[in-house]
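Everything below concerns the one structure shown next.
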Amino acid sequence: MTRSLISAVALALALNGAASAQPLEDYSSIRGVNYGSGWRNDQATIERDLGYAKRLNINSLRVWLSFGRYQQDPEGFLDSVENFVRTANGLGFTTMPILFNGNGLDPEILREGFRPEGDEYVRAVVDRLKDEEGLIMWDIMNEPEMNDYYLRASEADQPAREAELKDFVRHYVSLVEELAPDNVTTVGYGTSQFVGHSADLVDVISYHDYMPTRARAEENLQGALDVAREYGKQVINSETACIARANPYDMILEILDDHEVGWYIFELMITPYWGVIHGIFYPDGTIRDPSIVAAVMGFYRNRDVTTMIRPNPNREGQAVRALRAIEAALSEDTSVFGNTQDPMDAVLEAAEYAANLLESAEMVPMIEPPTAMIKYWRGLPESERPREEIREFAYELGNQLKEWNKIF
């Protein structure tokens, strides 16, 4: 059976109610998203958000659990997590729960005195979820070394702290394997540098990538693949893509797809905390960047300068017509698009003419699309419209259209 056919069969089994807690033959078909603490959301929000994910052909979710939440209300916590896994499974998604989080680590959990509490928590969660059809694997700990305790340690202290973290992770991998021998385990290391710490124990090698160039992302991936070959394991990337780390979705997903490595991007929703650098969907279902959606769907930007065809918005004279419309509207000729009551309506109409040409040809920055401001101003009462600002805006759009299209 070919690799692609194995992938298709594995994915079909996972999405059609087979026991996903059982190991799959191939994990390269994972097209996943991290979903923050999605299990804490209300049912309507979960179903809304996962509805967005379904439109992208996403098939798996990675979610952070919380030892602190468990302590506060063990049964309520377990009920919420179970409900999330079942809801996700019913909508066609598998779930990877994360038991512990290395980010913001409290070093006290690494001490022997924590083990009774930690073991109780892990037993409770694993016992509740181990037979769930929607469970694809356990992530024992998110980024064990990505915290001040390890990264800011002195050169003399760092080896001992690394050993502490390694021992903690190995203990809980072994405990989960003991509690649910048929389930699958992984550890979401911050980079491939650390995957060897538990490669002999876990079922799947997992690393994260926020590298700022293609060469460094390839090197990070190769580190994981080398360890995986040594131990006869498969590799997934369980967290990646960030616009603030020079790690765009369009770059890293192309690399992972080229190597047939399954992935979970960070993250599904544009939220107040991470929204400035991560996320696909706003709560209303709109998106910030269509290139992210394209990359998730397997379509990537052409970066071959020998084959690129530069767009020409003036091919049929439309840019010239838009410029004439702006000139007329700024002269308060309200008949340019039919008679209007407010001269600003004509200015906004002419501005949109130019903006649509510029945006569709990608000739303006899209961090705040010109059409977004036009929509905003149209929604204001006539008396509240900033008339000079709108006129200046339309004038500048016209200048950009002239410059990009070399219209004199």
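The numbers here are math on the coordinates, done by the rules we state, and not lab data. All values reported here derive from a predicted model rather than from experimental measurement. Note that we place each Cβ from the backbone using ideal geometry, even for glycine, and neighbour counts take in every protein chain shown.
Ranked for footprinting exposure by Cβ neighbours inside 10 Å, fewest first, V195, V33 give V195, V33.
Please label the shape of the range 22-78 as rounded, prolate or oblate, based on the square roots a ≥ b ≥ c of the eigenvalues of the alpha-carbon gyration tensor (a/c under 1.5 means rounded; beyond that, a/b larger than b/c means prolate, else oblate). Oblate. The calculated FRET efficiency for R152 paired with K406, based on their beta-carbon distance and R0 = 51 Å, is about 0.40. Model label sites at L91 and I367, defined 7 Å from Cα along the beta-carbon direction, differ in position by 3.2 nm.
Diffusion of the range 272-369 by Stokes-Einstein, at 25 °C in a medium of 0.890 mPa s and with Rh set to the Kirkwood radius over alpha-carbon pairs, works out to 150 µm²/s. Put in order of Cβ neighbour count within 10 Å, fewest first, the listed residues V187, V347, V125 become V125, V347, V187.
Applying a DSSP loop filter and a limit of 12 other Cβ atoms within 10 Å to the GluC sites (Glu not before Pro) in the range 118-198 leaves E155. Comparing P181, P107, P159 in a Gaussian network model of the chain (Cα springs below 10 Å), the most mobile by mean-square fluctuation is P159.
By the combined test of axial Cα extent (at least 15 Å) and Kyte-Doolittle hydropathy (mean at least -0.5), the qualifying DSSP H helices of the chain come to 3-15, 74-90, 158-179, 318-330, 343-360. For Kirkwood radius over Cα pairs in Å, the listed values are (i) 21.9; (ii) 21.2; (iii) 23.9; which was obtained by calculation from the structure presented? Comparing each candidate, only (iii) matches the computed number.
Loop-resident chymotrypsin sites (Phe, Trp or Tyr not before Pro) (DSSP state other than H, G, I, E or B) in the range 215-283 with no more than 16 further Cβ atoms inside 10 Å of their Cβ: Y273, W274. Annotation for the range 307-375: trypsin sites (Lys or Arg not before Pro) lying in DSSP loop with at most 12 further Cβ atoms inside 10 Å of their Cβ are R315.
Under the criterion of Cα pairs below 8 Å and six or more residues apart, the relative contact order for the range 154-278 equals 18 percent.
Extension gain, R55 to E382, is 113.9 nm, computed as 0.36 nm per intervening residue step minus the present C-alpha separation. If a spin label sat at a point 7 angstrom from the Cα of A246 along the line to its beta carbon, the backbone N atoms of the range 213-236 nearer than 18 Å would be those of 213-221.
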